[in-house]
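Student: Okay, handing you the structure first.
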Amino acid sequence: QVQLVESGGGLVQAGGSLRLSCAASGRTFSVVYMAWFRQAPGKEREFVAAIRWSAGNTYYADSVKGRFTISTDNAKNTVYLQMNSLKPEDTAVYYCAAGSLIQATVASAYGYWGQGTQVTVSS
């Protein structure tokens with residue numbers, strides 16, 4: 001199995017930046033995609049960004065395109081989410097996910113999840 005641990009969340013003012021990290025361990029050779037999802041209170045879990053670990057292909061939700069960047073450090077088995085120009089509506093718990101299915105933007109396609117890290121953007 002794969003274990004995922006997120007870090008880097010916190011409080012930031014609107015327009016600011018934050019970088020989230022997700023460290024993967026275990027049987028990471030089985031992972032095809034890694035992704036970030038987020039969930040605000042009372043809201044459904046929402047896709048944010050995904051990356052094909054081996055090839056580097058990236059996918060972004062329209063709401064974050066141009067502001068967020070997903071990347072990996074393969075030597076550290078870590079995926080990052082660089083968040084710039086943050087907005088109050090970005091406030092949510094951000095979850096790292098890993099899976100082997102092709103549906104990179106669908107939460108149900110991911111079999112492994114981290115515990116989440118809180119991101120709060122003040123106005």
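The values are calculated or read from the model by the stated rules, or taken from the named source; none is laboratory data. Predicted model only: the values in this text are computed from it and were never measured. Backbone-built Cβ (ideal geometry, glycine too); neighbour counts: all protein chains shown. These area figures cover heavy atoms from the full protein model, side chains too; ligands, DNA and RNA do not enter into them. Shrake-Rupley method; radii C 1.70, N 1.55, O 1.52, S 1.80 Å.
Student: Tally the residues that are among the charged types (D, E, K, R) and under 19 Å from residue 111 (Cα atoms), restricting the search to the range 43-98.
Tutor: Qualifying residue count, the range 43-98: 4.
Student: For the range 17-31, enumerate the residues that are of a type in the set (Gly, Ala, Ser) and surrounded by 14 or more Cβ atoms within 10 Å (Cβ to Cβ).
Tutor: 21, 23, 24, 26
Student: Just checking, how many residues over the range 46-66 are aliphatic (A, V, I, L, M) and open to solvent by 30 Å² or more (accessible area, probe 1.4 Å)?
Tutor: Total satisfying the criteria: 1.
Student: Here's a follow-up. Looking only at the range 32-42, decide whether some residue is among the charged types (D, E, K, R), within 11 Å of the chain's Cα centre (by Cα) and buried (at least 17 other Cβ atoms within 10 Å of the Cβ).
Tutor: Within the range 32-42 (the criterion being among the charged types (D, E, K, R), within 11 Å of the chain's Cα centre (by Cα) and buried (at least 17 other Cβ atoms within 10 Å of the Cβ)), the answer is yes, since at least one residue qualifies.
Student: Scan the range 92-118 residue by residue and report those that are free of Cβ contacts under 8 Å to residues at least 12 places away in the same chain and touching a helix residue (DSSP H, G or I) at 6+ places or on another chain (Cβ under 6 Å).
Tutor: The answer is 103, and nothing else.
Student: Here is a follow-up. Tell me yes or no: at least one residue of the range 39-46 is touching a strand residue (DSSP E or B) at 6+ places or on another chain (Cβ under 6 Å) and assigned to a strand (DSSP E or B).
Tutor: Yes, that holds for at least one residue.
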